[in-house]
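Asks: Right, I'll just put the structure down here and ask away after.
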Amino acid sequence: LEMARATIAIFLLCACVVGAQHLPLPPLPYGYDALEPHIDEATMRVHHLSHAQTYTDKLNGALGKLRAAASTKWLAKLGVDELLGHLDEVPEELRMTVRNAGGGYVNHDLFFASLSPAGGEANEPTAGSLHAALTRHFGSVGEFKKQFTLAALEIFGSGWAWLALDPTTGNLEISGLPNQDTPLISGKRPLLGLDVWEHAYYLKHQSRRKDYIADFWRVVDWDSLSARYETAAGSATGKAEL
Amino acid sequence: LPAQQGKAVCRERNFVIKPVRRLASMPFAVRCLVTAALAGSAAGLRTPAKLGTAGKAAPAAKFDRRGVLAGAMSAFLAAPALAEYTLPDLPYPYEALEPYIDAATMRFHHDKHHATYVANVNKALAGKPEKSILDLQKDAIAAGPAVRNSGGGHYNHALFWDEMGPSSGKGPTGELASKIDEAFGSYDKFKEEFSAKAAGRFGSGWCWLGVKSDGKLAIDTTPNQDNPLMDGGCETKMIPILGLDVWEHAYYLKYQNRRPEYISAFFNVINWDKVASNYEKYAKQGKGIPF
């Protein structure tokens with residue numbers, strides 16, 4: 001697992017350094033059946049190999065078009081994360097594709113990396129900086145989970161529930177966004193995302209989104225969430241107490 | 001409940017509450033007739049003749065249980081009915097649209113998703129005066145998210161079940177067919193444009209064929225459970241006569257992410273006779289299809 005993570009990290013680092021060139025679909029950090037019995041293998045397969053692959057292909061198409069014009073080349077050289085923060089500078093005819101496919105690409109990458117067969121209650125934090133931050137902003141880790149769950153239940157149609165860091169204030173925020181929108185669009189750092197598009201749970205749970213969310217908490221990887229929090233908080237600006 | 005009491009509750013539920021609910025959703029004219037009939041029979045009820053010591057019949061009818069019940073029902077029916085929408089039955093068995101739309105999907109889609117919209121719109125409107133589900137659509141967005149989402153959801157799915165049927169191999173005929181040719185060039189070109197737009201609706205939503213105010217047909221899509229009947233619901237103002245649900249729940253069990261395949265399959269189960277009849281009766285007259 002550690003090897004897989006390290007490989008992916010180096011891989012993505014290279015991708016970021018080179019800029020948003022021709023992006024491959026990041027491999028899953030574990031086997032397709034690794035999250036059973038909580039998230040079923042069939043869903044992991046379709047989710048990664050079909051949905052995430054399609055976003056990858058569409059994003060690459062849009063990046064190719066941005067690269068082709070002198071005035072938009074610079075946008076194609078940004079990392080996708082950064083590109084999503086510059087949507088208003090993307091030409092109108094490409095903007096929705098960048099927003100939807102770029103969002104889909106980064107969101108699914110974050111999602112799959114946020115889950116682990118070793119996750120769930122076993123590695124829920126009881127101390128450390130993430131624990132302190134969640135307690136400070138939501139009252140307790142349990143209370144954070146409750147509010148995040150509510151945000152995920154309230155989304156009507158397709159969308160994601162998010163935990164994000166506002167780099168200007170250091171505040172942690174829970175939000176629900178439609179379709180493949182991400183906190184990156186408004187300059188925030190996404191830390192945890194929960195996909196509540198029906199494709200994320202329909203094969204196993206059909207309309208029972210509540211049961212899917214319960215399964216999510218059984219595989220959420222608190223270690224990688226802590227690492228993401230520390231990175232985001234460390235590079236956050238502002239005098240906010242972190 | 002003790003068996004006897006339980007039976008009484010069951011009887012009341014089946015012979016009082018359910019019929020009252022059904023009658024309460026009928027048009028006003030029907031309710032008036034029923035009210036008159038019940039009032040008449042209530043007036044005619046008397047307590048059973050008690051043979052007094054002199055063998056005379058009992059005095060004129062007093063309040064008895066049946067009279068009170070009939071009176072209450074009359075009041076219930078004459079007054080504006082409760083805003084209670086009901087889940088319409090599917091016009092065909094769950095497996096009727098196989099192999100294009102699978103039985104499992106029809107089950108979940110109708111029995112869970114549509115049922116939830118009905119329950120939620122009833123909850124949202126509890127205690128407020130009744131509008132037909134059709135009339136509810138116009139101001140649904142202004143009425144707030146609960147009415148918009150669940151009221152829209154109920155109407156959209158009612159139309160969806162109504163316009164489909166077992167595969168017949170038949171396409172549109174008659175005036176509707178010529179209107180399709182006029183607007184799109186041909187039935188094939190209509191399918192092309194409809195397919196492209198249905199595939200292009202990102203996230204959850206619907207693709208619609210509708211009649212504009214100038215009588216011409218058009219295709220457009222809406223997000224989530226919005227529809228073209230709603231003020232602000234669709235870029236194209238039109239009366240929908242055909243809708244395709246492109247929420248993932250409509251196709252995921254059989255097609256997963258292969259939405260274009262589902263859209264292709266859909267054309268096989270459109271009941272064009274029904275669609276044409278709804279067009280003639282309502283949309284052509286500038287009226288929405290009622291349910």
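The values are calculated or read from the model by the stated rules, or taken from the named source; none is laboratory data. The structure displayed is predicted, hence computed values, not measured ones. Reconstructed Cβ throughout: ideal geometry from the backbone, glycine too, with neighbour counts over all protein chains shown. Side chains are part of the model used for accessible areas, which takes the heavy atoms of the whole protein and leaves out ligands, DNA and RNA. Shrake-Rupley method; radii C 1.70, N 1.55, O 1.52, S 1.80 Å.
Asks: What spacing in nm lies between the two simple spin-label points modelled at residue A:89 and residue A:22, each 7 Å away from Cα in the Cβ direction?
Replies: The answer from the label model is 2.6 nm.
Asks: For the stretch A:105-147, report the accessible area per residue in Å² (1.4 Å probe, heavy atoms, rounded to an integer).
Replies: That works out to 41 Å² for each residue.
Asks: Moving to a separate point now. Once label points are set 7 Å from the Cα along Cα→Cβ at both residue B:216 and residue B:258, what is their separation, rounded to one decimal in nm?
Replies: Rounded to a tenth, the inter-label distance reads 3.7 nm.
Asks: While we're looking at this one, here's another question. For the stretch B:80-182, rounded, prolate or oblate, judged on the Cα gyration tensor with a ≥ b ≥ c (square roots of eigenvalues), a/c < 1.5 rounded, else prolate if a/b > b/c?
Replies: oblate
Asks: Still on this structure, please answer the following. Share of the stretch A:91-155's accessible area from carbon and sulfur, percent, 1.4 Å?
Replies: On the stretch A:91-155, the fraction of accessible area on carbon and sulfur atoms equals 53 percent.
Asks: Which one, A:232, A:68, A:52, has the greatest fluctuation when you compute a Gaussian network model over chain A with C-alpha springs under 10 angstrom?
Replies: Checking each option, the largest mean-square fluctuation is seen for A:68.
Asks: Ignoring everything but the protein chains, give the 1.4 Å probe accessible area of residue B:261 in square angstrom, nearest 10.
Replies: Here the accessible area works out near 90 Å².
Asks: PRE reach from residue B:182 (point 7 Å along Cα→Cβ): which of the stretch B:203-219 fall under 13 Å by backbone N?
Replies: B:211-218
Asks: Tally Lys and Arg at +1 and Asp and Glu at -1 over the other residues with C-beta under 9 Å from the C-beta of residue A:97: what net charge comes out?
Replies: After counting each charged neighbour, the total is +3.
Asks: Another question, if that's okay. Take chain A, mark every one of the trypsin sites (Lys or Arg not before Pro) that falls in a DSSP loop and has at most 15 other Cβ within 10 Å, then report the longest stretch left between them, sites excluded.
Replies: A:1-207
Asks: Gap in Å between the Cα centre of the stretch B:82-129 and the Cα centre of the stretch A:102-170?
Replies: That distance is 34 Å.
Asks: First check a/c for the stretch B:160-201, with a ≥ b ≥ c the square roots of the eigenvalues of its C-alpha gyration tensor; if it is under 1.5, answer rounded, and if not, answer prolate when a/b is larger than b/c or oblate otherwise.
Replies: In terms of gyration-tensor shape, oblate.
Asks: When all protein chains stay in place, what accessible area (Å², nearest 10, 1.4 Å probe) is found for residue B:139?
Replies: 70 Å²
Asks: How much of residue A:56 can a 1.4 Å solvent probe reach, expressed as accessible area in Å² and rounded to 10?
Replies: My reading of the accessible area for residue A:56 is about 0 Å².
Asks: Can you list the aspartates and glutamates whose alpha carbon is less than 14 Å from that of residue A:188, not counting same-chain residues fewer than 8 positions off?
Replies: A:81, A:82, A:166, A:173
Asks: In square angstrom and rounded to 100, what buried accessible area do you get between chains B and A, total over both, with the probe at 1.4 Å?
Replies: Buried area (both sides, nearest 100 Å²): 1700 Å².
Asks: Which of the residues in the stretch A:150-167 lose at least 20 Å² of accessible area when you go from the chain alone to all protein chains together (probe 1.4 Å)?
Replies: Going by heavy-atom accessible area, the residues of the stretch A:150-167 that drop by at least 20 Å² are A:156, A:157, A:158.
Asks: Kirkwood Rh over alpha-carbon pairs of chain A, then Stokes-Einstein at 37 °C and 0.692 mPa s: what D in µm² s⁻¹, rounded to an integer?
Replies: 178 µm²/s
Asks: Normalise the Debye intensity by I(0) for the stretch A:6-124, one equal point scatterer per Cα, no solvent, then take log10 at q = 0.09, 0.13, 0.16, 0.23 Å⁻¹ and round to two decimals.
Replies: -0.28, -0.55, -0.77, -1.27
Asks: Across every pair of different alpha-carbon atoms, what Kirkwood hydrodynamic radius in Å does the stretch B:196-291 reach?
Replies: Taking the inverse mean of 1/r over all distinct Cα pairs, the stretch B:196-291 comes out at 13.8 Å.
Asks: Apply the a/c threshold of 1.5 to the C-alpha gyration tensor of the stretch A:105-158 and tell me whether it is rounded, prolate or oblate.
Replies: oblate
Asks: So what is the accessible area of the stretch B:93-243 per residue, in Å², with the probe set to 1.4 Å?
Replies: 40 Å²
Asks: Where in chain A are the helices, taken as whole DSSP H runs, whose Cα atoms extend 18 angstrom or more along the long axis and whose Kyte-Doolittle mean reaches at least 1.6?
Replies: Helices passing the filter in chain A: A:2-18.
Asks: How large is the dipole of the stretch A:114-242 about the Cα centre if only Lys and Arg carry +1 and Asp and Glu carry -1, each at its Cβ, rounded to the nearest 20 debye?
Replies: So the magnitude is around 100 debye.
Asks: Further question on the same structure: Threshold 10 Å², probe 1.4 Å: give the residues of the stretch B:230-267, in number order, that are less accessible with all protein chains present than with their chain alone.
Replies: Flagged in the stretch B:230-267: B:247, B:248, B:249, B:252, B:253, B:256, B:257.
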